[in-house]
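The next block holds one structure in the form of structure tokens; read it before the comments.
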Amino acid sequence: MTFVEGPAPVVAERTGETLVPTHCCFCGVQCGMYLRVDRGGRVFGVEPRDHDINRMRMCPKGINAYQQVNHPDRLTAPLLRRSRDEPFREVGWEEALDHTAAELRRIQQESGRDAFGVLGGASLFTEKAYLVGKFARVAVRTRHVDYNGRLCMVSAAGANKLAFGIDRAANPFADILQTDCLLIAGANVGECFPVLTQYLWGARDRGARLIVVDPRETVVARTADEHVALRSGTDAAFFNAVLHVLVREELTDEAFLAAHATGWVELKAKVSEYPPERAARICGVPAEQVVRVARMFGSAEKAMAWHARGIEHHTQGVANCLSVINLCTATGNLGRPGAGYGTLTGQGNGQGGREHGQKSDMLPGGRSISDPVHRAEVAAVWGVDEADLPPAGTSMMEMVWQMQAGEIRGLLGVCNNPFVSLPHYSTVKDGYDQLAFHVQLDFFLSETAANAHVVLPVTTWAEDEGVMANAEARVVKHNKAQEPPPGVRTDTWVLCELARRLGHGDKFPFTGSREVFEELRRASAGAVNDYYGITYERLEATGGIAWPCPTLEHPGTPRLFEGGRTYHPDGKVHLQLVDWHPPADPKDAEYPLTLTTGRTVAHFLSGNQTRRLDPLVDQAPRPWVELHPSHGFANGAAVKVSSRRGSTVLPALVTTAIRADHVFIPYHWAHPVAANELTIDALDPRSKIPEFKVCAVRIEPGGELDRVAAPPQPPGRPPRPVPDDHMPPTSPQGRGTDDRR
């Protein structure tokens, strides 16, 4: 065979611009991208990158992410006011930091160390998340530190630790391409993780069966072999019943269970209490569908299960996750290509953000703050006495209740917006209003920051470098693309300067992320979440390394549990008994419907970033209430949705793609159109995650729509225009589930 050389490839010439390789700042997929930088050193555009996570694909949020970097709404000077009755005024950094440190000392002198709290975020680089935890425990010396990942996947984290002794997804995304049966539970992949759909379609192309468990017929659910449109809050009953059928029809892997699991006898006895007929009554799905799902999953040579917030945002979120782990373990679907289990992280650093110490009960490396050995190991790296480390604190929502009670009187917040993201808005607002002093770090003036006493302007992801761990636990490197605007500082600089003013500057000598990462590597060495073998240079050379990675020669661990061995001392999966219980907010004659909440493709989390980006605002200018046509509303009609905590009036999106006994509201907008005006602040007793995904509501004609509030602006800036209140909501999608009652 003769090969004829063709013409040379054509390369478009670029003049005056630089492409900086980095990753998206938004969800846990962490798509590779290039930021386009002009001659003046300013980011002005984006291009997809052929990284093996996303292979040139990007979603609407990723395509528009660059626009926040040089956005006119950026905070560029510290804001300060002595009282919330006063307007903000711009001040210099020295005054802002001196005042913050003085207020912190005053509150702790008057009310004790634990009267001041710290709240971090899971969109921070891992270095900054590490620094938040160290700052709270070494500089502030408070037990009260937590982060907004508490609202993300701590239920999955709790389940993973119980079952496997390690908290991360068991398989890389690439394993999805090799599976024969894929189960997706409570994850609207098409809108929340759009680029991940390439893996789903790749699996489907080679014949994989697809099962989707979701009360709504999402864009992926409508393509499934089985869409289980169950009642929200009934997942544990459903998965117990699936396992019941697997046992009954001898579709379990008894050899795998005997060699690699404990608790199987007890679990079999428990799921015997959940025949399909019982699950059908609880879940509102046909008993025959339970049997079909069990046979489909159990007969596959290689099966995988992935889930997200849909089964985690519950008072039984840990139990729901454990019920899926039980299913995978019972069928021997662990530790093999195409066979495994994973959680889809919502925030960009939802995985890395909880691994290294900003979670209330955790120290770097995933160590427990209650374990004397773990405390001593970290104290040695930090150069402090183990006895000086505070004990475990409380969760994010519990801290709000402590603010209401006057137990926490001061707060430093970094990269979070609880006024939109936490449930039961009136409680959250009251808790923050009780604070004697509140300082918030952000690059836009969020609704929460607008309520603070001091706001410190910090960098976007494109103005600093650092690492994140995506949903696969692959650690990836973000690169700095431009200098921050004048007056803006990095979170690292701010925390180190505050630590110096509090008398602990010697423990915070860092000038940037690289120095923090070097200490983080040492602090995690020997722990389960071991980053010691990961360096910036290795990440740039490889495109990412999955932890644990204990040595510089170690390739990383993209797939856990190969050979059936877990991270418990006995190496086995510890199966857990799961019982279903009703949600915390029961339906009755006054509140006969179930509200569930979630994302839309155009926006991200509290919307503080995406509600300022015009192309995304144009795509989804305001929230809506998705409801079934049986309720008699016309599309776009004003509907008042009320719960036991509040109400809001939104336009109707009428569709058969939702159960008749459910309504859905996306949660990215602020008061008075916030979904979290309605949700309940009931918590899972183990993970302390709020029950966002199910509360009782009623609907009725609403009169005038509640107006969408413009995002807050710093002093002297004109308000952003708000969208037309009568603009109709997004068009409905899906062929419908109106036969599901």
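The values are calculated or read from the model by the stated rules, or taken from the named source; none is laboratory data. Not measured: the values here are computed from a predicted model. Note: ideal-geometry Cβ built from the backbone for every residue, glycine included; neighbour counts use all protein chains shown. Just the protein is used for accessible areas: all its heavy atoms, side chains included, with ligands, DNA and RNA removed. Shrake-Rupley method; radii C 1.70, N 1.55, O 1.52, S 1.80 Å.
Using a ≥ b ≥ c from the Cα gyration tensor of segment 635-717 (square roots of the eigenvalues), is it rounded, prolate or oblate, where a/c under 1.5 gives rounded and otherwise the larger of a/b and b/c decides, a/b for prolate?
Oblate is the answer for segment 635-717, as a/c is 1.5 or above yet b/c matches or exceeds a/b.
Taking all protein chains as present, what is the carbon and sulfur share of the accessible area of segment 571-614, in % to the nearest whole number, probe 1.4 Å?
In segment 571-614, the share of accessible area belonging to carbon and sulfur is 55 percent.
Once amide H atoms are placed 1.01 Å from N in the peptide plane, what residues at a sequence separation of 5 or more from Arg209, or on another chain, have their amide H within under 5 Å of its amide H?
Cys181, Leu182
For segment 560-666, just say rounded, prolate or oblate: build the C-alpha gyration tensor, square-root its eigenvalues into a ≥ b ≥ c, call rounded for a/c under 1.5, and beyond that prolate if a/b exceeds b/c, oblate if not.
oblate
In whole angstrom, how far apart do the alpha carbon centroids of segment 322-384 and segment 620-656 sit?
So the separation of the two Cα centres works out to 39 Å.
Ranked highest first by the average count of other Cβ atoms within 10 Å around their residues, in what order do 627-634, 182-189 fall?
Highest mean packing first, the order is 182-189, 627-634.
In square nanometres and to one decimal, what's the mean projected area of the convex hull around the Cα atoms of segment 120-196?
If you wrap the Cα atoms of segment 120-196 in a convex hull and average its projections, you get 7.1 nm².
What lysines could a cross-link reach from Lys587, if we take a straight Cα to Cα line under 18 Å and drop same-chain neighbours fewer than 8 places away?
Once the sequence-local lysines are set aside, what remains near Lys587 is Lys640, Lys693.
Which peptide among 232-245, 430-443 comes first, and what is the full order, when sorted by highest mean count of other Cβ atoms within 10 Å?
Averaged packing, sorted descending, gives the order 232-245, 430-443.
For a label point 7 Å from the Cα of Trp201 along Cα→C-beta, name the residues of segment 26-58 whose backbone N is under 19 Å from it.
29-32, 48-58
Computing the accessible area with a 1.4 Å probe over protein heavy atoms, can you report the carbon and sulfur percentage for segment 72-196?
That fraction is 48 percent.
Can you find, among Pro586, Ala224, Ile176, the residue farthest towards the positive end of the dipole of the chain? Put +1 on the C-beta of Lys and Arg, -1 on that of Asp and Glu.
My answer, from the dipole projection, is Pro586.
What dipole magnitude, in Debye to the nearest 20, does the chain give about its Cα centre under +1 on Lys/Arg Cβ and -1 on Asp/Glu Cβ?
The dipole magnitude comes to about 220 debye.
Express the accessible area of the chain per residue in Å², computed with a 1.4 Å probe while the remaining protein chains stay in the model.
Counting only protein heavy atoms, the per-residue value for the chain is 33 Å².
Taking the alpha carbon gyration tensor of the chain, what are the square roots of 5 times its eigenvalues, largest first, to the nearest whole Å?
With the √(5λ) rule applied to the chain, the semi-axes are 37, 31, 28 Å.
Express in Å², to the nearest 10, the accessible area of Arg611 obtained by rolling a 1.4 Å probe over the protein heavy atoms while all chains stay in place.
20 Å²
Just how much of Asp253 is accessible, in Å², when a 1.4 Å probe is used and the result is rounded to the nearest 10?
60 Å²
Straight-line reach from Lys302: which aspartates and glutamates have a Cα under 17 Å away, not including same-chain ones fewer than 8 places off?
Hits, sequence-local ones excluded: Asp175, Asp180, Asp205, Asp225, Glu250, Asp253, Glu254, Glu562.
Cα-Cα over 19 Å: which of Lys61/Lys359; Lys134/Lys507; Lys128/Lys480; Lys161/Lys268; Lys477/Lys688?
Too far apart for the 19 Å limit: Lys61/Lys359; Lys161/Lys268; Lys477/Lys688.
For every other residue with a beta carbon closer than 10 angstrom to the beta carbon of Gln108, add +1 if it is Lys or Arg and -1 if Asp or Glu, then tell me the sum.
Net charge in that neighbourhood comes out at +2.
Go ahead and estimate [θ] at 222 nm for the chain from helices alone: -39,500 (n - 2.57) per DSSP H run with n ≥ 4, summed, over the residue count, rounded to 500.
-7500 deg cm²/dmol
Below 8 Å between Cα atoms, with a sequence gap of 6+, how large is the relative contact order for segment 592-656 in percent?
Over segment 592-656, the number comes to 27 percent.
Of the accessible area of segment 408-529, with the probe set at 1.4 angstrom, what percent is carbon plus sulfur?
Carbon and sulfur together cover 49 percent of it.
Treating the beta-carbon of each Lys and Arg as +1 and of each Asp and Glu as -1, no other charges, what is the dipole magnitude of segment 224-304 about its Cα centre, to the nearest 20 debye?
240 debye
Beyond 24 Å, what share of the Cα-Cα pairs of segment 142-237 remains, rounded to the nearest whole percent?
32 percent
Quick one: length gained pulling Arg644 to Thr542 fully straight, 0.36 nm per residue minus the C-alpha distance?
31.5 nm
What is the sum of charges around Asp167, taking Lys and Arg as +1, Asp and Glu as -1, for the other residues whose C-beta is under 11 Å from the C-beta of Asp167?
+3
For the peptides 117-123, 463-469, 46-52, what is the packing order when you average, over each peptide's residues, the other Cβ atoms within 10 Å and list the highest mean first?
Put in order of decreasing packing, that is 117-123, 463-469, 46-52.
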